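Take a look at the structure set out below.
Only the coordinates and a few stated rules stand behind these numbers; no lab work does. Source: prediction; values computed, not measured. No Cβ is skipped: glycine too gets one built from the backbone with ideal geometry, and neighbour counts run over all protein chains shown.
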Amino acid sequence: MPELTFREALRQALREEMLRDERVFLMGEDIGAYGGSYAVTRGLLEEFGEKRVKDTPIAEAAIVGLATGAAIGGLKPVAELMTINFSLLAADQIINHLAKLYYMFGGQFTAPAVIRTAAGWGQLGATHSQFLEVIYSHVPGLKVVMPSTPYDAKGLLKAAIRDPDPVLFIEHTLLYGIRGEVPDEEYLVPIGLADVKRPGRDVTIVAYARMVHVAMGAARQLEAEGVDCEIVDLRTLRPLDIETVIESVKKTNHVVIVEEDWKSFGVGAEVAARIAEQAFDYLDAPVVRVGMLEVPMPYNRTLERHVVPDEADVVAAVRSVVGSRV
């Protein structure tokens with residue numbers, strides 16, 4: 001299979017869906033001539049024109065509001081918000097309008113809009129380095145996707161555009177340049193289905209987005225010590241595929257959950273609670289969670305890297321769990 005970057009895979013997904021369905025159009029800040037803040041939409045304005053690739057003002061509530069109205073009217077909008085930090089300015093539109101329309105109107109119509117946004121860090125400061133996926137994963141009526149590989153990014157974005165429900169599609173800023181195999185032929189990755197990225201027998205590591213790659217690096221280190229790690233990539237946070245996680249726990253009996261966010265009230269806390277409810281008898285040790293330090297993201301590069309979980313943190317967590325075998 002050919003290799004594409006994460007960015008190229010997303011662009012390919014958008015282009016294919018725009019060619020497939022004339023109702024699909026793009027909108028957002030600087031997505032046209034500039035090609036988007038992370039160059040995902042570069043070249044699409046030249047191919048599809050201004051009617052289908054629309055630059056918008058810097059007004060996140062207006063962007064999501066317009067996308068919601070277009071979706072109700074039968075179009076398939078894909079709106080880009082520059083970062084998930086700015087989505088807070090559109091939280092009312094996302095949570096109180098887009099996510100609730102199907103319920104509020106008794107299922108008479110849907111609002112199949114996709115909201116693409118980026119989350120991540122890299123000396124961006126405390127207010128521009130947040131993830132916030134847990135806020136939106138809490139909301140019924142909204143699907144939340146956070147892929148880790150170019151293959152998943154393309155397949156999940158195509159599935160999101162075709163989905164009858166609104167989807168928040170979160171892209172990690174530090175993954176745009178990674179490369180991976182992406183087939184030429186048509187494919188979709190189902191929303192709501194986790195993926196076992198690495199089979200193993202001794203411990204389950206649950207992760208998503210960039211932390212999947214950190215977990216893979218830790219697993220390679222631990223393999224040299226004779227510890228065989230199974231890595232489950234959630235891919236979709238809502239709906240959460242807890243069944244795949246539980247099946248892995250039943251096999252390994254040990255769990256480490258890794259997230260690039262604060263642990264308190266987070267995705268990892270939800271996964272740990274589900275494991276306790278559904279697989280407590282299979283655990284040979286307590287579930288261990290790895291997350292960011294509970295501080296706003298520093299701007300200083302050294303402090304920034306100290307705050308974010310790395311391979312050493314995951315290795316230490318796995319050693320603590322495997323060492324607790326009974």
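Sites listed here are GluC sites (Glu not before Pro) in segment 1-60 whose DSSP assignment is loop and whose Cβ has at most 12 other Cβ atoms within 10 Å: GLU22, GLU50.
Can you pull out the trypsin sites (Lys or Arg not before Pro) in segment 269-326 whose DSSP state is coil and whose Cβ has at most 15 other Cβ atoms within 10 Å?
On the way: sites: ARG274, ARG289, ARG301, ARG305, ARG319, ARG325; in loops: ARG325.
Here the trypsin sites (Lys or Arg not before Pro) that fit, given the DSSP loop and packing criteria, are ARG325.
When segment 101-178 is described by a simple charge dipole with +1 on each Lys and Arg Cβ and -1 on each Asp and Glu Cβ, the residue from TRP121, TYR151, GLY141 located farthest towards its positive end is TYR151. For the chain, what is the charge dipole size about the Cα centre, in debye to the nearest 20, if Lys and Arg each add +1 at the Cβ and Asp and Glu each add -1 at the Cβ? The dipole of the chain has a size of about 260 debye. Provide the net charge surrounding ARG20, with neighbours chosen by a C-beta distance below 11 Å and charges set as Lys +1, Arg +1, Asp -1, Glu -1. Computed value for this residue: 0.
Quick check: the angle from helix 60-72's long axis to the longest principal axis of the chain, C-alpha only, nearest 10 degrees? Helix 60-72 sits roughly 70 degrees off the main axis of the chain. Diffusion coefficient of segment 35-111 by Stokes-Einstein, Kirkwood radius over Cα pairs, 20 °C, 1.002 mPa s: 158 µm²/s. Which shape class applies to segment 72-176: rounded if a/c is under 1.5, otherwise prolate when a/b exceeds b/c and oblate if not, where a ≥ b ≥ c are the square roots of the Cα gyration tensor eigenvalues? Since a/c reaches 1.5 but b/c is at least a/b, the shape of segment 72-176 is classed as oblate.
With respect to the cross-link table entries LYS51/LYS158; LYS158/LYS263; LYS158/LYS197; LYS197/LYS250; LYS143/LYS250; LYS154/LYS250, which display a Cα-Cα separation exceeding 23 Å? Could the numbers behind the result be given before it?
Values: LYS51/LYS158 21 Å; LYS158/LYS263 31 Å; LYS158/LYS197 21 Å; LYS197/LYS250 17 Å; LYS143/LYS250 27 Å; LYS154/LYS250 31 Å.
Pairs exceeding 23 Å: LYS158/LYS263; LYS143/LYS250; LYS154/LYS250.
Set the Cα radius of gyration of segment 195-321 against 2.2 N^0.38 Å, with N its number of residues, and you get 1.00.
Once you order the gyration tensor axes a ≥ b ≥ c over the Cα atoms, which shape class does segment 3-181 get: rounded for a/c under 1.5, otherwise prolate or oblate by comparing a/b with b/c?
Values: a/c = 1.43, a/b = 1.16, b/c = 1.23.
Cα axes put segment 3-181 in the rounded bin.
Based on DSSP H segments of at least four residues, each scored -39500 (n - 2.57), the chain has a per-residue ellipticity at 222 nm of -10000 deg cm²/dmol. Projecting the Cα atoms of LEU175, GLY43, ALA67 onto the dipole axis of segment 3-181, where Lys and Arg carry +1 and Asp and Glu carry -1 at the beta carbon, places ALA67 farthest toward the positive end. Evaluated with a Cβ-only charge set (Lys, Arg +1; Asp, Glu -1), segment 195-321 carries a dipole of roughly 200 debye about its Cα centre, given to the nearest 20.
Rounded is the label for segment 126-215, because the ratio a/c of its alpha-carbon gyration tensor axes (a ≥ b ≥ c) stays below 1.5. Other residues whose C-beta falls under 12 angstrom from the C-beta of VAL308 contribute a net charge of -4, scoring Lys and Arg +1 and Asp and Glu -1.
Loop-located chymotrypsin sites (Phe, Trp or Tyr not before Pro) across segment 142-227 with a Cβ neighbour count of 12 or fewer within 10 Å are TYR187, with loop assigned by DSSP.
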